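To start, the structure under review is shown below, and the notes come after it.
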Amino acid sequence: MAKLIYMMNISLDGYIEDEHGSFDWGAPQDEEVHTWIFKHVSSFRTCLYGRKVYEMMLYWETAHTIPDQPQFVLDFARQWQAAEKIVYSRTLAEPRSAHTRIERAFDPDAVRNLKANAVHAIAVAGPELAAQAIQAGLVDELQMRVCPVVIGGGKRYFPSGVRLDLELIEEQRFRNGEIFLRYAVRGPSK
């Protein structure tokens, strides 16, 4: 059975976007971080996205056409383009990338079946979508790239009303002050 991994950039105060819906502050600016993160996420062959995160990730559908891109950017663009993408949206009319399908509602049983039949880890991105997966007991790992910024409000990484027992299984520090954290979900906190 494949793991379902919730992975997002997060501010030091626990948000994935600010009060205006922006997450520009979380875009990797450092080649060391880009290279490490891209290598890390290359294991995902299937990505479950909320609409907003999908629209941000659409950059990678055409990133290879931008002149003078470094090789690590071109490599990640190819990996993203090849991945299967399932976008949960009530408003998107059709996919705007290859290997993509739109689902109108989150179905925990469909995700359980996807996990049971997948060989590689599955990513889930978007706080509302991840909250549904966490509440259904489907998320196996939490991964966050903690950015050294406090944004004061917005959408939180963690859903309200959920308690989980976690085990730190990986930590990576970067020269620019960012930290990558990876936690195994051990179950609901008692």
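The values are calculated or read from the model by the stated rules, or taken from the named source; none is laboratory data. Computed from a prediction, not measured in an experiment: that's the story for all the values here. Ideal geometry is used to build each Cβ from the backbone, glycine not excepted, and the neighbour counts take in all protein chains shown. These area figures cover heavy atoms from the full protein model, side chains too; ligands, DNA and RNA do not enter into them. Shrake-Rupley method; radii C 1.70, N 1.55, O 1.52, S 1.80 Å.
Only residues that are over 13 Å from Gly137 (Cα atoms) and open to solvent by 90 Å² or more (accessible area, probe 1.4 Å): list them for segment 101-115, please.
Answer for segment 101-115, where residues must be over 13 Å from Gly137 (Cα atoms) and open to solvent by 90 Å² or more (accessible area, probe 1.4 Å): Arg101, Arg104, Asn113.
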Only listed residue being of a type in the set (D, E, K, R), open to solvent by 60 Å² or more (accessible area, probe 1.4 Å), more than 18 Å from Arg145 (Cα to Cα) and within 17 Å of the chain's Cα centre (by Cα), chosen from Glu84, Glu94, Glu19:
Glu84
Tell me which residues, restricted to segment 132-190, are outside any strand (DSSP E or B), closer than 14 Å to Trp36 by Cα and among the hydrophobic types (A, V, I, L, M, F, W, C).
Phe174
For segment 46-77 the number of residues that are more than 23 Å from Arg104 (Cβ to Cβ) and either in contact with an Asp or Glu (Cβ under 7 Å, 6 or more places away or on another chain) or surrounded by fewer than 17 Cβ atoms within 10 Å (Cβ to Cβ) (or both) is 14
Return the only residue of Gln132, Gln172 being open to solvent by 60 Å² or more (accessible area, probe 1.4 Å) and either under 21 Å from Ile86 (Cβ atoms) or more than 13 Å from the chain's Cα centre (by Cα) (or both).
Gln132
If I ask for residues that are among the aliphatic types (A, V, I, L, M) and either closer than 17 Å to Ser22 by Cβ or open to solvent by 50 Å² or more (accessible area, probe 1.4 Å) (or both), which ones from segment 135-161 would you list?
Val149, Val150, Ile151
